[in-house]
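**Q** Pasting a structure here, questions to come.
Throughout, read-outs are computed from the coordinates displayed, never taken from laboratory work. This structure is a prediction, so every number in the text was calculated from the model and none was measured. All Cβ positions, even for glycine, are placed from backbone atoms using ideal geometry, and neighbour counts span all protein chains on display.
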Amino acid sequence: MQQHMARKDAYKKRLVLSIAWLVLVAAGTAEVPQAIQAQWTRFQAAIKADDLPTVIAMSKFPIRSNEFGGDIPSAKVLTQRYTTIFPAPTRQCLATAPLHRETWHKRIHYEVWCDVGAYPIRFLFTPIGSTLSLTSIDNVNEEPREREHSRVYRRPSRSLRERGLGKCL
């Protein structure tokens, strides 16, 4: 009888340890790698300091956008639209927002959500080589302008506030 209880206890212990290990592994897969986090911190500092040259250097053109006059084909156009795209509340949000890792069609990208005005904006960053680059700006309430955008933009089923994600993610 004692031997049966000992086996049962050992089985329970292995089961609990296995579940704990799986939880740790699953939690670790969504983490942002240290090198990406360092680049995100650099982008945040540039936004906070209104350092347009660094923001441009950390962007991959054309930047896809369904807002702010459409796609941003060059650094010159980003310079012209900078104050519209990055007003003070958006810069404040980006300066404090965490980066979220996402996978879409087996490709990794990182997202930041800012809901500071009339609509939530999603900023997408893509690792290109060893560099994190701003590649897309999405007003989630707008329809994609082109069929090509429908591959990039996913409409959330509920608003950010309904999903409990708050003002600034």
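**Q** Modelled label-to-label distance, Ala35 and Thr54, 7 Å Cα→beta-carbon offset: nm?
**A** 2.1 nm
**Q** Multiply the residue separation of Ala75 and Trp104 by 0.36 nm, subtract the distance between their alpha-carbon atoms, and state the gained length in nm to one decimal.
**A** Working: separation 29, 0.36 × 29 = 10.44 nm, distance 2.67 nm.
Full extension from Ala75 to Trp104 adds 7.8 nm.
**Q** Rounded, prolate or oblate: which fits the range 32-152, taking a ≥ b ≥ c as square roots of the Cα gyration tensor eigenvalues, rounded meaning a/c under 1.5, else prolate when a/b beats b/c?
**A** Numbers: a/c = 1.31, a/b = 1.05, b/c = 1.24.
Taking the square roots of the gyration eigenvalues as a ≥ b ≥ c, the range 32-152 is rounded.
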